[in-house]
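To keep things clear, I will list the structure first and then write my remarks on it.
Bear in mind these aren't lab numbers, they're just calculated from the coordinates by the rules spelled out. Given the structure is predicted, the values throughout are model-derived calculations rather than measurements. Reconstructed Cβ throughout: ideal geometry from the backbone, glycine too, with neighbour counts over all protein chains shown.
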Amino acid sequence: MSDTTTIAAEARKRTAAKRTVAKPALSERINRSLHRMTPGTVVSRVIIGVLLVLYAIISLYPFAWMVSAAFKTQEEVIYGTSLIPENPTFSTLVQTWGELDFFNYFFNSLKVTLGTTLGVVVIYSLAAYAFSSLRFPLRDWIFRLFLVLLFVPGVVTLLPIVMLEKNLGILGSHVGLMLPFINGTAPLAILLLTNSFKAVPGELRDAARVDGASELKIFWKVYLPLARPAIVTIALLTAIPTWSEYQLSRVSLTDESTFTLPIALQNLGSNLVIQYNVKMAGALIVVIPVVILFLATQRYFVNGLVGAVKG
């Protein structure tokens, strides 16, 4: 194991030890704060808790309705009043699976999502390392400019993107989807990753430099392993919107062989009479991979957000 790898491993052990030591102190602070709580504080926290529960119910209800409708007949979806299906059936899901041609569109969506996520992680982790650790002219101003772009609605760039891609000859291709997605994720990715890299102790970088490590090796061996939660977080925040993106895909993709899942879902069950149960079954099939991905990486997602905010 190289010296730089050893330094990174020691840093991870040190961070884990600090967290272990901090747990009793944190519990003591919580107990003390509970004893000092006034009746007004208790009431305000109860109200906040109730409001959060109501917000969670309102947010989850559409998802619950989608799952319920996927197991109902068309008549029950329209005329039924209960969220729980009276006679649950898998026939709608089986029918939708056949009509959707899932795997063809699935691989198109997977290609666009993986390409976009890989591009975001590689490009903006390097950019974040530069903003957090290197010195160059106008560094802070360039960083602030990226932050300003967070407040620019994506829809205002739709027409310029289409015109530019038409001139470049990539309109209607998957590359024409990935490049705008990568570019649009820049402000958030740079913000989160830069804050995460700033939390890495500077002495680790200095020690790696003494050992003769190059900037690229320091980035790869020291910073990336310590910023893994933030990288997983930004990968999730990129992959999920890319997987479900509809607007640019609808405008740019014209060949059915290049359609992604949201476009195929839009064309599903669109006969003379809209089949709501088929639509919801298709939506359930499309959203299942995203739910599985989030559940598998939620620990890194939460740690990455907390670390980025603290940084």
Evaluate E = 1/(1 + (r/R0)^6) for Ser44 and Asp206, where r is the Cβ-Cβ distance and R0 equals 41 Å; express this FRET efficiency to the nearest 0.05. 0.30
Spin-label point model (7 Å from Cα, Cβ direction): what's the Val148 to Arg228 distance in nm? 3.8 nm
With Rh as the Kirkwood radius over Cα pairs, the stretch 189-291 has Rg/Rh of 1.26
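If r is the Cβ-Cβ distance from Arg139 to Leu83 and R0 is 41 Å, what FRET efficiency results, to the nearest 0.05?
Details: r = 53 Å, r/R0 = 1.30.
The value I calculate is 0.15.
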Please give the FRET efficiency for Val155 paired with Val290, using the beta carbon to beta carbon distance and R0 = 25 Å, rounded to the nearest 0.05. 0.65
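What does the highest-first list of 293-301, 70-78, 174-182, 82-90 look like by mean Cβ count within 10 Å? Please list the in-between numbers first.
Values: 293-301: 13.8, 70-78: 18.0, 174-182: 20.8, 82-90: 11.4.
In descending order of packing, they fall as 174-182, 70-78, 293-301, 82-90.
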For Lys279, which aspartates and glutamates qualify as cross-link partners when the Cα separation must be under 13 Å and same-chain residues fewer than eight apart are set aside? Glu99
Set of aspartates and glutamates with alpha-carbon distance to Lys166 below 19 Å, sequence-local pairs under 8 removed: Asp255, Glu256
Cβ neighbours within 10 Å, averaged per peptide: list 58-68, 108-118, 146-156 in order, most packed at the top. 108-118, 58-68, 146-156
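Across every pair of different alpha-carbon atoms, what Kirkwood hydrodynamic radius in Å does the stretch 91-310 reach? Working shown, then result.
Details: mean 1/r = 0.0517 Å⁻¹.
Evaluated on the stretch 91-310, it is 19.3 Å.
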In nm, the gap between the two label points placed 7 Å beyond Cα toward Cβ at Phe90 and Leu114 is 2.8 nm
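By the gyration tensor of its Cα atoms, with a ≥ b ≥ c the square roots of the eigenvalues, what is the shape of the stretch 36-178: rounded for a/c under 1.5, prolate for a/b over b/c, or oblate?
Details: a/c = 2.80, a/b = 1.21, b/c = 2.31.
Cα axes put the stretch 36-178 in the oblate bin.
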Distance in nm between label sites at Leu216 and Glu75, each 7 Å beyond Cα in the beta-carbon direction? 6.8 nm
